[in-house]
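The values are calculated or read from the model by the stated rules, or taken from the named source; none is laboratory data. Every value quoted in this text rests on a predicted model; they were computed, and no experiment measured them. With ideal geometry, Cβ positions are generated from the backbone for all residues, glycine too; neighbour counts draw on all protein chains shown. Just the protein is used for accessible areas: all its heavy atoms, side chains included, with ligands, DNA and RNA removed. Shrake-Rupley method; radii C 1.70, N 1.55, O 1.52, S 1.80 Å.
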Amino acid sequence: MLSQVIINGIMTGFVYALVAVGLTLTWGVMDIINFAHGEFLLWGMYAAFGLWSLFSLDPILSLPVSAALIFILGVFTYFVVVKRVLKASGLTALLATFGLSMVLKNLAQMIFTANYKNVTNTIFASKTIKLGNFFIRQDYLAAAVGSLTLTLLVLTFINKTKTGVAIKATSMNRSTAQLMGINTDRIFAITFGLSGACVGAAAALMVPFTPITPGSCTLYSVLAFVIVALGGFGNITGALYAGLLVGVVEAMGGYFLGTSFKYAIIFLMYLIVMQIRPKGLFGW
Amino acid sequence: MVKIKNIFKENLFALILLALFIIVPLAVGKNADIHNIIIYILIYAMVGEGWNLITGFAGQTSFGHAAYFGIGAYAVAVLGNKYDVVPWAGMLAGILIATTLAFLINFQLFRLKGHYFAIATLAVAEILRTLFSVWTYVGSGDGIKILFRPDNKVLWLAIDVRNRLPFLYITLALFVLVFILCKSLENSKMGFYWKAIRESHEVAESIGINPQHYKVYAMMLSAAIAAVGGGLYVQFFKYVDSVVFSLDVSMIFVLVTVLGGIGNVYGPIIGSIIYYTLDLSMRRLFGGTTSGINLIIFGILLVIVVVYQPRGIMGIFDDLVNRRRLAKEKALQRLDTGTPGEGSGGKA
Amino acid sequence: MKSVIEIRNLTMKFGELMANEDVSFDIENNGIVSLIGPNGAGKTTLFNCVTGFYKPFSGKVTYWDEAGVEQDITGRPTHEICRKGITRNFQIVKTLSEMTVEQNIMTGAFLHTNKTSEARDLAEGVLRRTGLLARKDILGRNLTIAERKRVEIARALATEPRVLMLDECMAGLNQTEIKDVMNLILDLKAQGLTLLVVEHIMEAIMPISDKIVVLDSGKKIAEGPPQEIANNDEVIKAYLGEKYHAKSKKS
């Protein structure tokens with residue numbers, strides 16, 4: 001039973017990791033924490049829900065669409081809000097995106113109401129794979145595999161493509177990158193878009209087993225913050241490992257102490273870990 | 001006599017505000033709606049003043065002030081409900097608990113810097129939220145009520161729902177105390193040290209400041225003020241549950257302070273006035289069920305303020321005053337020296 | 001002359017990189033000791049080790065306070081060292097930019113008083129001594145670089161140190177400004193302070209120093225009065241390179 005719990009935790013962890021990778025990207029490249037990250041995820045979920053309810057598109061098939069939509073939302077956010085606070089202190093950007101999060105959250109509530117929305121009858125719904133003694137839900141597995149694939153894809157993109165290397169260069173030294181002829185403005189916009197695409201995709205992978213409501217996006221934001229900090233701000237592989245850790249701790253906490261404690265355990269873990277490693281598990 | 005006149009002149013803005021807060025509640029007569037709004041304004045402005053100490057002055061972002069606010073509220077409710085302790089004594093207990101907790105937690109937490117610290121404050125509040133939502137002694141998920149006490153109206157002021165005025169003035173008096181405290185702190189050694197720490201840890205250390213200590217002092221004072229706010233809040237609503245610890249509550253303090261002007265003692269009160277006046281007028285405009293629209297407008301307002309003037313409404317106000325003052329000085333200088341432009345550029 | 005600070009066998013490593021290796025020298029009471037050396041010689045690192053910003057890997061820093069009591073200050077926190085009477089400035093200026101010049105200096109002055117009015121009086125004295133009185137109401141961020149450097153010195157002075165440590169307080173200044181700072185340093189010495197100065201600009205350092213310590217690649221290569229240092233082969237080699245040194249020998 002415990003190993004079953006751990007397996008479920010790992011699978012959730014992969015999805016968390018993808019969400020956190022999106023958040024850690026913007027920090028790494030432009031030292032900005034997007035407070036509206038959870039709201040991006042929420043809108044990604046509503047995008048998947050909308051496509052499903054209007055065109056009966058399965059979320060897994062419409063994943064590129066929801067990723068693209070949130071990519072656009074990210075780029076838009078960059079140009080309208082973030083670009084103007086790049087030179088200000090870290091708190092300023094955080095507060096500006098907090099304002100944006102209020103807008104996005106309440107707009108969602110006005111349009112979709114606070115009632116839970118469910119995407120049902122998806123391809124992998126209520127099917128399981130039996131693996132030895134374990135049962136693995138196919139929708140969880142699809143989300144985990146999808147998230148891992150996309151996380152690796154982001155890593156490859158950053159390390160291998162020309163744009164990716166430009167992003168990396170910008171993250172190391174903004175002004176030097178500028179001198180080398182990199183259009184940092186464009187790089188920032190792409191990074192914010194990419195960050196959005198990560199949560200857009202994660203949203204599509206999550207909706208088959210996650211009820212959607214505006215109230216839950218704060219929790220997603222907060223979890224993403226904790227994961228990113230645990231992994232060390234700006235560290236993509238760190239975010240991946242921290243995502244897995246949080247997934248497992250959450251599942252175990254829920255199993256041993258009851259579901260009402262599962263998030264408190266994560267926060268407690270954060271406080272304890274930070275006493276030992278004040279810059280995150282994988283930060284320096 | 002001259003001294004009194006100076007004090008009057010230097011604090012003219014504060015005195016005008018105070019006069020408004022005294023007159024308006026009387027002028028509107030028995031308008032419970034407006035009285036309630038004014039009480040809201042004062043409570044949230046008060047906690048905003050507290051948040052301003054640690055984040056605005058000392059520069060350590062807290063997203064978890066709901067923790068101390070909630071403790072203040074629960075202290076009054078639990079002690080009143082279970083042991084018949086009067087709210088004012090409950091508030092004192094709340095201050096003590098919140099301050100102690102702030103000391104114990106933050107002495108450790110202040111090893112963290114920047115966002116790592118901000119997330120830790122948020123984690124503390126979330127842990128408290130979970131604890132209070134399952135702890136049966138404090139009513140777990142159902143929350144806890146303050147019971148109706150018609151027998152002792154003096155000590156249980158807030159209980160009289162039909163006449164909020166006495167409670168309003170008590171809240172005002174407490175706010176004025178907090179305001180004076182914060183204003184004098186700003187001009188004291190503590191305030192100077194906080195600002196030095198905010199701008200540069202290294203400079204602070206190099207001139208003999210122990211940043212850890214001064215940040216903890218700021219957090220303890222801040223927590224005490226938040227607890228007073230929580231104590232008033234629960235007397236006003238007569239009920240509290242674990243939602244009081246949530247991030248949304250923490251962010252209201254942030255919102256009003258940033259809107260009005262972070263790092264400025266007038267910020268929280270100005271921000272709070274704007275926030276709740278808009279809130280009230282929008283509810284009047286759209287009817288009761290518009291919780292969405294007003295928050296969307298606040299969101300947009302926050303973005304605009306932060307983007308165009310990070311020092312908030314007070315920042316805009318200061319700029320206007322300074323521009324006039326500078327223009328005046330420049331004109332005078334020109335008359336004095338007969339040379340336009342830069343001034344004497346004095347270097348010895 | 002009696003020493004105020006004694007540095008013995010100080011070694012500082014960053015990973016494998018040896019920033020300071022076995023450095024020893026004394027800072028004499030009411031003297032001006034200058035620390036020179038080419039870029040990357042480990043001057044600022046040594047500075048940071050003495051002021052508590054870094055914990056040295058090994059070695060010892062001893063300080064004698066006003067009463068002549070010997071104190072081990074190796075690796076003590078910076079603020080504690082400051083309270084003992086050793087204050088520093090920063091090579092990369094760190095003026096408190098949202099505060100006026102006067103407030104910058106008051107922040108330093110608060111070390112010895114809890115009253116704002118007293119801090120203001122103390123600050124006024126320092127403003128006079130450093131010639132900043134006319135600029136007292138200017139915000140830190142609106143100052144020129146020379147003024148900022150001066151404010152840093154003033155802020156440090158406001159803590160009333162016995163030992164003032166100045167890290168490249170002349171870099172980036174023009175000739176007259178350098179002259180001003182040189183005079184200021186001499187004034188401070190006349191007022192009884194002890195100074196440790198890290199500097200690149202030889203012409204400024206030579207005439208005012210009582211003693212010069214030369215670092216190269218983390219090691220001390222020479223120590224002595226200015227004239228002696230100016231003629232020291234090792235020093236010329238370190239500064240001008242082996243090739244130039246050989247050439248100058250031949251001619």
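The set of residues in the stretch A:22-45 that are within 15 Å of A:T210 (Cβ to Cβ) and over 15 Å from the mean Cα position of the chain (by Cα) is empty.
Rundown of residues vs (1) surrounded by 24 or more Cβ atoms within 10 Å (Cβ to Cβ); (2) closer than 23 Å to B:I209 by Cβ; (3) of a type in the set (G, A, S), yes/no style:
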| site | (1), (2), (3) |
| --- | --- |
| C:G131 | no, no, yes |
| C:L143 | no, yes, no |
| C:L166 | yes, yes, no |
| C:Q175 | no, no, no |
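Within the bounds of the stretch C:49-66, is there any residue that is open to solvent by less than 10 Å² (accessible area, probe 1.4 Å) and closer than 18 Å to C:V214 by Cβ? Yes - at least one qualifying residue is present in the stretch C:49-66. What do you reckon, is C:L122 open to solvent by less than 50 Å² (accessible area, probe 1.4 Å), of a type outside the set (F, W, Y) and at pLDDT 90 or above? It is false that C:L122 is open to solvent by less than 50 Å² (accessible area, probe 1.4 Å), of a type outside the set (F, W, Y) and at pLDDT 90 or above.
Note on the stretch B:186-287: enclosed helices (runs of 4 or more DSSP H) holding 1 or more residues that are of a type in the set (G, A, S), within 14 Å of chain C (Cβ to nearest Cβ) and in contact with a strand residue (DSSP E or B) (Cβ under 6 Å, 6 or more places away or on another chain) are B:201-206. Taking residues in the stretch C:26-42 that are in contact (Cβ under 8 Å) with a residue 60 or more places away in the chain, and partners anywhere that are assigned to a strand (DSSP E or B) and open to solvent by 40 Å² or more (accessible area, probe 1.4 Å), the pairs with Cβ atoms closer than 7 Å and at least 6 places apart or on different chains are C:G37/C:D216; C:P38/C:D216; C:A41/C:D216.
From the list C:E203, C:E168, C:E177, which residue is within 12 Å of the chain's Cα centre (by Cα) and either closer than 24 Å to C:E66 by Cα or at pLDDT below 90 (or both)? Result of the check over C:E203, C:E168, C:E177: C:E168. Put simply, of C:T11, C:T78, C:T44 the only residue that is assigned by TED's automatic domain parsing to the domain that holds C:D210, open to solvent by 30 Å² or more (accessible area, probe 1.4 Å) and of a type in the set (S, T, N, Q) is C:T44. Considering A:L69, A:L51, A:L63, the condition of being farther than 30 Å from B:Y116 by Cα, open to solvent by 60 Å² or more (accessible area, probe 1.4 Å) and part of a helix (DSSP H, G or I) is satisfied by A:L69 alone.
Within the set A:F267, A:F256, A:F261, the sole residue that is open to solvent by less than 20 Å² (accessible area, probe 1.4 Å) and in a helix (DSSP H, G or I) turns out to be A:F267. Looking across the stretch A:99-116, the residues that are hydrophobic (A, V, I, L, M, F, W, C), at the interface with chain B (Cβ under 7 Å from one of its Cβ atoms) and under 20 Å from the mean Cα position of the chain (by Cα) come down to A:L100, A:M102, A:V103. For the stretch B:101-123, the candidate set comprises residues that are within 7 Å of chain A (Cβ to nearest Cβ) and open to solvent by less than 40 Å² (accessible area, probe 1.4 Å); within that set, the residue that is nearest to the chain's Cα centre (by Cα) is B:L122. Looking across the stretch B:173-216, the residues that are crowded, with 19+ Cβ neighbours inside 10 Å, closer than 20 Å to B:L109 by Cβ and of a type outside the set (A, V, I, L, M, F, W, C) come down to B:Y193, B:R198, B:E205, B:P211, B:Y214, B:K215.
Every residue, every condition in (1) more than 10 Å from chain B (Cβ to nearest Cβ); (2) within 15 Å of the chain's Cα centre (by Cα); (3) at positive phi, yes or no:
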site: C:N104; (1), (2), (3): no, no, no
site: C:G108; (1), (2), (3): no, no, no
site: C:R120; (1), (2), (3): yes, no, no
site: C:V151; (1), (2), (3): yes, yes, no
site: C:R155; (1), (2), (3): no, yes, no
site: C:V163; (1), (2), (3): yes, yes, no
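Restricting B:Y40, B:Y44 to residues that are aromatic (F, W, Y), at pLDDT 95 or above, over 19 Å from B:V124 (Cα atoms) and touching a helix residue (DSSP H, G or I) at 6+ places or on another chain (Cβ under 6 Å) narrows the list to B:Y44.
Is it the case that B:L104 is at pLDDT 90 or above and out of contact with any Gly (no Cβ under 9 Å at 6 or more places or on another chain)? Judged against the criteria, B:L104 is a match. Against the criterion of being at pLDDT 90 or above and crowded, with 20+ Cβ neighbours inside 10 Å, A:G9 qualifies.
Figure legend. Inter-residue proximity from the stretch C:116-130: first residues part of a loop (DSSP other than H, G, I, E, B), second residues aliphatic (A, V, I, L, M), beta-carbon distance below 6 Å, spacing 6+ or different chains. Indicated pairs: C:T130/C:A154. For the stretch A:192-233, a residue qualifies if it is within 10 Å of another protein chain (Cβ to nearest Cβ) and polar (S, T, N, Q), and the qualifying residues are A:T218, A:S221.
Take the stretch A:175-189 and flag every residue that is in contact (Cβ under 8 Å) with a residue 24 or more places away in the chain and either surrounded by fewer than 22 Cβ atoms within 10 Å (Cβ to Cβ) or part of a loop (DSSP other than H, G, I, E, B) (or both). Those that are in contact (Cβ under 8 Å) with a residue 24 or more places away in the chain and either surrounded by fewer than 22 Cβ atoms within 10 Å (Cβ to Cβ) or part of a loop (DSSP other than H, G, I, E, B) (or both): A:D185, A:A189. Among the numbered conditions (1) away from chain B (no Cβ under 14 Å); (2) surrounded by 13 or more Cβ atoms within 10 Å (Cβ to Cβ), tell me where A:N121 comes up short. It is condition (2) that A:N121 fails.
Screening A:V85 with (1) crowded, with 18+ Cβ neighbours inside 10 Å; (2) more than 21 Å from A:C217 (Cα to Cα); (3) modelled with pLDDT of 90 or more gives one miss only, at (3).
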